[in-house]
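Structure first, then comments.
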Amino acid sequence: MSAGQLEIQAIAAVTAAACALVGVFLVLRRTALLSDAIGHSVLVGIVLAFFLTGTITSPLLVVAAAATGLVTVALVDLIARTRLVREDAAIGLVFPTLFAIGVILVSRYADGVHLDTDVVLLGELAFAPFDRLVVGGFDLGPTSLVVMSVVLVVDALVVLGLWKELAITTFDPALALSLGFAPALVNYVLMALVSATTVGAFNAVGSILVVALMIAPAASAYLLADTLARMAALAVAIGVGCALGGYWLSYALDASVAGSIAAACGGAFALVWVAAPRRGLLTALRRRARQRLEFAQTMLAIHLANHEARPEAAVESRVAHLHEHLGWSDDFAGRVVRGAQRRGLVVVSDGTLALTDVGRSIAGEAVSR
Amino acid sequence: MLFDDYTVRTVALGAAALGVVAGALGTFAVLRRQALVGDAVSHAALPGIVGAYLVTGAKGSLALLLGAAVTGFLAVLLVSAVVRSTRVKGDAALGIWLSVFFGVGLVLLTFVQRRPDASQAGLDRFLFGQAATVLRRDVVTIAIAGGIALLLLVGVWKQMKLLAFDPDFGAALGLNMRVADVLLTGLLVVATVIGLQMVGAVLMSAMLVAPPAAARQWTDRLGTTTFLAAAFGALAGAAGAVSSARTSGLPTGPTIVLVAAGIVAVSFLVAPRRGLLVRALRARARSRRLAASAVLDDLAELERLHGGAGHGHATATIAAMADGDVRVALRRLARRGLVTRSHEGLWSLTDPGRRDVDER
């Protein structure tokens with residue numbers, strides 16, 4: 001592995017970790033699409049900062065972008081608060097408008113200057129190693145690695161430092177308010193982090209795919225974890241895994257690194273969706289099948305109890321007739337009977353079913369409930 | 001004058017047609033709190049477009065539209081599936097598939113082009129639209145696809161209405177709400193993909209959200225909202241296209257969006273019942289009315305305490321009993337003839353004033 005490849009993977013991993021960390025809170029607070037909105041509207045902030053500084057590499061850009069992110073959130077909030085439209089519509093109004101303003105500003109005043117709007121939106125990791133941060137003759141590494149590492153550290157410090165506040169305002173804002181916390185302030189701090197992380201990640205994956213790194217690993221972790229701490233840890237782990245896996249995928253396919261990382265995030269989420277131990281689709285299917293069988297066994301017990309010691313008992317308790325009497329396929333009936341036998345609800349003799357005491361009490365309970 | 005220019009006319013027509021379709025169908029998305037589905041479909045359309053190009057080798061818009069529609073539709077289906085089967089909520093599900101599909105699209109694009117740099121792979125036009133290069137043929141495509149979508153909407157209007165407001169009732173009536181949901185999604189997908197060429201993926205959601213948001217402020221009826229949204233959409237499209245043609249350095253897509261945003265802003269401010277300005281004015285009138293009746297009641301109370309309409313009372317006395325600026329209220333009441341001021345500056349109720357208090 002060349003140094004360049006190592007650096008790219010490092011940038012990707014650091015970016016993924018930072019995004020996952022803030023993404024956990026976005027997912028839990030149901031504000032996932034604000035990351036998408038911020039990612040698009042920061043263009044305006046960057047353009048305005050460019051007008052002020054005349055350069056697109058100034059650190060002022062990160063500040064400007066973070067500020068624009070906050071402005072976006074504030075505008076969405078303002079509009080939603082008028083109750084003239086819902087919050088999702090507010091988002092759908094604010095970010096395209098800001099983005100449109102940004103594009104127009106670029107076209108009218110910055111055309112011909114090297115401010116490619118698609119660089120802002122797309123980014124490209126493959127070129128990151130070539131842009132190096134040289135301070136006092138020391139090559140500190142790729143600029144994006146340095147920037148993203150700083151962002152990661154800031155994210156981690158803020159998240160860890162405000163852990164209690166973030167947790168309580170996320171899960172129970174009303175309680176937080178009554179306890180004297182300031183949910184609105186915490187929200188703005190979080191949104192500032194999201195904005196800064198989004199901008200820092202431009203170089204790596206561009207703003208649209210930042211959404212993938214922020215949301216998909218966190219959502220996957222959401223399906224796997226039951227505590228906030230575990231969810232955060234899992235999100236970071238999955239994110240980093242997708243970043244590295246995605247990189248190797250792009251290497252194999254000779255394709256966009258960012259796109260591959262996003263695809264890997266999608267693959268990871270799909271895998272968790274299907275196979276998560278307690279919340280996955282497979283587990284749910286198995287659980288439902290088992291419940292159907294148990295319910296059928298109870299029904300069988302009730303059916304037998306109803307006809308016990310009655311003239312029709314002989315007919316009704318024949319295994320072969322369950323098909324007509326209960327509407328079950330022979331195959332299903334067979335499985336139900338076997339399961340009922342195993343649980344000790346019935347005994348089979350000569351093709352006829354008889355309730356045991358256990359079976360009778362189960363039937364009695366079910367009916368009386 | 002400007003409409004003599006064939007290109008401008010074409011672009012304006014296309015934009016207006018798009019505005020009508022997106023506005024009308026967007027109404028339902030906004031009502032169902034699925035305002036950002038358009039954003040998801042826009043981004044998820046990328047792999048479909050690239051895939052269609054790979055499969056057909058054609059750059060003609062119909063094949064690409066179909067490809068876009070397929071993956072866009074698939075993405076929304078996946079969003080619903082995730083929301084239905086897990087505890088992940090709608091916004092996160094949208095974010096996931098929106099970005100993942102887009103990423104897959106990028107992979108396809110760069111894989112096809114054999115270059116790692118996605119930004120030069122013709123992605124600009126997808127993201128930003130290329131309204132200025134719209135041909136008559138494209139406008140026809142928009143009109144036909146959009147027209148069919150609108151006809152379908154009108155055809156199943158009752159189901160759509162129920163779907164938007166009370167799906168449970170619709171199900172209870174025996175209508176298949178699942179099918180209606182899928183159909184509406186399909187219509188939204190069509191509305192979104194036909195607009196990608198004009199305004200691009202990023203701005204498309206505004207075309208679906210802004211006209212209904214504006215229209216909603218003027219009426220409470222679904223049919224009127226839909227119609228008005230279509231009208232606003234057409235207006236934004238045409239006006240945006242023409243303005244952008246007249247002014248240099250104004251790309252078409254963003255200009256259309258800004259016009260739409262302007263219509264929203266105006267509607268938010270001055271719409272008759274819901275408008276913010278109107279609300280503020282009404283609130284002010286209401287607080288004045290309250291202040292006036294408080295002053296009248298205070299004067300009546302003072303009269304009662306002093307055993308009848310003997311003498312008037314100083315402003316200071318009244319001010320002490322009330323909140324806020326009583327002098328203004330007293331002046332207005334005097335103008336309405338409900339109180340009167342003696343030479344010494346003492347205020348008392350007039351007969352009409354006393355009657356007003358009694359009636360209340």
Handout entry: the range B:218-360: C-alpha gyration tensor shape, a/c 1.5 cut-off, then a/b vs b/c
Key = prolate
Handout entry: Projected label distance in nm at A:V146 and B:Y6, using a 7 Å step from Cα toward the beta-carbon
Key = 5.6
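Explain nothing, just the number: relative contact order of the range B:36-79, from Cα pairs under 8 Å at least 6 residues apart, as a whole percent. Write down the numbers at each step before the final one.
Numbers: 53 pairs, mean separation 21.5, N = 44.
Relative contact order, the range B:36-79: 49 percent.
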Exercise for the section: Could you name the aspartates and glutamates whose alpha carbon sits less than 20 Å from that of B:K158, not counting residues in the same chain fewer than 8 places away? Expected result: B:D166, B:D168, B:D181, B:D220
Practice task
Would you mind pulling out the separation of the Cα centroids of the range A:59-81 and the range B:219-244, in Å?
Solution key: 29
Completion exercise
The percentage of Cα-Cα pairs in the range A:231-369 separated by more than 19 Å is 63
Practice task
Return the FRET efficiency for the residue pair A:A229, A:D172: r is the Cβ-Cβ distance, R0 is 22 Å, and the value is rounded to the nearest 0.05.
Solution key: 0.80
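Once fully extended, how much extra length lies between B:L54 and B:A265, figured as 0.36 nm per residue of separation less the alpha-carbon to alpha-carbon distance? Don't skip to the end; give the middle numbers.
Numbers: separation 211, 0.36 × 211 = 75.96 nm, distance 4.27 nm.
Between B:L54 and B:A265, full extension yields an extra 71.7 nm.
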Practice task
Set Lys and Arg Cβ to +1 and Asp and Glu Cβ to -1, take the dipole of the protein assembly as shown about its Cα centre, and tell me which of B:I96, B:A334, A:G359 lies farthest positive.
Solution key: B:A334
Exercise for the section: For every other residue with a beta carbon closer than 14 angstrom to the beta carbon of B:R221, add +1 if it is Lys or Arg and -1 if Asp or Glu, then tell me the sum. Expected result: +3
Exercise for the section: Whole Å is fine, so just give me how far the alpha carbon centre of the range A:304-331 lies from that of the range B:63-113. Expected result: 51
Practice task
Run the quick spin-label model on A:D331 and B:R286: label points 7 Å from Cα toward the beta carbon, then report their separation in nm to one decimal.
Solution key: 6.6
Completion exercise
Given Cβ charges of +1 for Lys and Arg and -1 for Asp and Glu, the option among B:A316, B:L276, B:A261 whose Cα lies farthest towards the positive end of the dipole of the range B:242-360 is B:A261
Fill in the blank from the handout: In whole percent, the Cα-Cα distances of chain A spread across 20 Å bins from 0 upward as 25, 39, 19, 15, 2, 0
Problem - Amide H within-cut-off set for B:A271, under 5 Å, with H built and near neighbours excluded - result: B:L276
Handout entry: Sorted by Cβ density within 10 Å, fewest first, the residues A:M299, A:M231, B:M207, A:M148
Key = A:M299, A:M231, A:M148, B:M207
Exercise for the section: Would you mind computing, in nm to one decimal, how far apart the modelled labels at B:Q113 and A:V135 are, each placed 7 Å from Cα along Cα→Cβ? Expected result: 3.5
Fill in the blank from the handout: Rounded to the nearest Å, the spacing of the alpha-carbon centers of the range B:330-357 and the range A:209-229 is 68
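Just how large is the dipole of the protein assembly as shown about the Cα centre, in debye to the nearest 20, putting +1 at every Lys and Arg Cβ and -1 at every Asp and Glu Cβ?
Values: 60 positive and 48 negative charges, 294 e Å.
Roughly 1400 debye for the protein assembly as shown.
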Handout entry: Over the protein assembly as shown: helical MRE at 222 nm, DSSP H runs n ≥ 4 each giving -39500 (n - 2.57), nearest 500
Key = -26000 deg cm²/dmol
Practice task
For an R0 of 56 angstrom, estimate the FRET efficiency from the Cβ-Cβ distance between B:A322 and B:V154 and round to the nearest 0.05.
Solution key: 0.45
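Please arrange A:C19, A:C242, A:C265 by how many other C-beta atoms lie within 10 Å of their C-beta, fewest to most.
Numbers: A:C19 38, A:C242 30, A:C265 34.
So the residues, fewest neighbours to most, are A:C242, A:C265, A:C19.
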Handout entry: Total formal charge among the other residues, if their Cβ is under 11 angstrom from that of B:A40, Lys/Arg +1 and Asp/Glu -1
Key = -3
Handout entry: Residue order, fewest to most beta carbons within 10 Å, for A:S317, A:S41
Key = A:S317, A:S41
Exercise for the section: Determine which residues of the range A:11-52 fall in the zone a paramagnetic label at A:R278 would reach in this model, i.e. backbone nitrogen under 11 Å from the point 7 Å along Cα→Cβ. Expected result: none
Handout entry: Cβ-placed point charges (K, R +1; D, E -1), dipole of the range B:80-181 about Cα centre in debye, nearest 20
Key = 160
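Laboratory data are not the source of any read-out in this text; all were calculated from the coordinates shown. Treat the numbers as computed from the prediction; the structure is a model and nothing was measured. Cβ atoms come from the backbone with ideal geometry, glycine included; neighbour counts cover every protein chain shown.
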